[in-house]
1. Out of all the residues in the stretch 185-213, which are over 20 Å from L27 (Cα atoms) and part of a loop (DSSP other than H, G, I, E, B)?
2. Taking the stretch 132-183 as the region of interest, how many residues are touching a helix residue (DSSP H, G or I) at 6+ places or on another chain (Cβ under 9 Å) and acidic (D, E)?
3. Scan the stretch 114-125 and give yes if some residue there is in contact (Cβ under 8 Å) with a residue 24 or more places away in the chain and assigned to a loop (DSSP other than H, G, I, E, B), otherwise no.
4. Test N93 against the stated conditions and say whether it is closer than 26 Å to A138 by Cβ, without any contact (Cβ under 8 Å) to a residue 40 or more places away in the chain and in a helix (DSSP H, G or I).
5. Restricting the stretch 180-201 to residues that are of a type outside the set (D, E, K, R) and within 18 Å of Y120 (Cβ to Cβ), which is surrounded by the fewest Cβ atoms within 10 Å (Cβ to Cβ)?
6. Any residue in the stretch 199-215 that's of a type in the set (D, E): show its pairings with residues that are modelled with pLDDT under 95 and surrounded by fewer than 18 Cβ atoms within 10 Å (Cβ to Cβ) at Cβ separation under 7 Å, as long as the two are six or more apart or on different chains.
7. Given (1) surrounded by fewer than 18 Cβ atoms within 10 Å (Cβ to Cβ); (2) closer than 24 Å to K185 by Cβ, identify the lone condition not met by N88.
8. Looking at A188, A138, A126, can you tell me which residue is small (G, A, S) and more than 15 Å from the chain's Cα centre (by Cα)?
Amino acid sequence: MRYLNQSEAQNIDQELFNEYAFSVDQLMELAGLSVAVAISKAYPRTGDGERLLVCSGPGNNGGDGLVAARHLKMFGYQPEIYYPKRPNRTLMNNLVTQCEKMEISFLTDLPSAQEMNFKYRLVVDAIFGFSFKGEVRAPFDDVLKTLKNVKIPLCAVDVPSGWDVEKGNPEGIQPEFLISLTAPKLCANHFKGRFHYLGGRFVPDLLLKKYELELPDFPGTDPCVLLE
């Protein structure tokens, strides 16, 4: 299976929007659902109301996290969301409203690493995706410093936040779980965690062939697959 560089990942996204007529909210819903399903497979519930923390950034990766939180609530988990920098976009505002109507709490302040370890089963990193470049700015620099010190499982969506999309980041956060969306990015070669899933079962065959992706078969009707 071929891994994507940053420009290839961006080009596939644009082709899905422009040539295949997908909308952002369609792909976000499919991606977020695959994140939630993969997390439920890797970390099955051991009781009622297990708490999870979803840290969402201002872009589409953060939107994937909001969608995942909603589905995880439907699966019987109790997600809480830290979403400190909210863009004024109708899509994102709607996702927030959906979560609020489902009684998912939004936190004003980020808990300390020690508090996270005590309170939550795991933390979802949905801060930055494959479009991220440059330095991590406030408030997310402090968020990543905190996430680097948690002892509970850290679950990254598509690209671990703060990583170079192609080169990774040995000094950054080191998630236990990674779900690559559409196809793995080159940075996934540096992932050393326990679970690497592929999610987002929506890439048309013509696009698979064009980019020579050769993705593995998804089991049954699942929206995700565990990679070897």
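The values are calculated or read from the model by the stated rules, or taken from the named source; none is laboratory data. Source: prediction; values computed, not measured. No Cβ is skipped: glycine too gets one built from the backbone with ideal geometry, and neighbour counts run over all protein chains shown.
1. Answer for the stretch 185-213, where residues must be over 20 Å from L27 (Cα atoms) and part of a loop (DSSP other than H, G, I, E, B): F191, K192, G193, R194, E212.
2. 5
3. Checked against the condition, which is being in contact (Cβ under 8 Å) with a residue 24 or more places away in the chain and assigned to a loop (DSSP other than H, G, I, E, B), the stretch 114-125 yields at least one hit.
4. Considered against the rule, which asks whether it is closer than 26 Å to A138 by Cβ, without any contact (Cβ under 8 Å) to a residue 40 or more places away in the chain and in a helix (DSSP H, G or I), N93 comes out as yes.
5. G193
6. E212/R2; E214/M1; E214/R2
7. Of the numbered conditions (1) surrounded by fewer than 18 Cβ atoms within 10 Å (Cβ to Cβ); (2) closer than 24 Å to K185 by Cβ, the odd one out for N88 is (2).
8. Matching residue, one of A188, A138, A126: A138.
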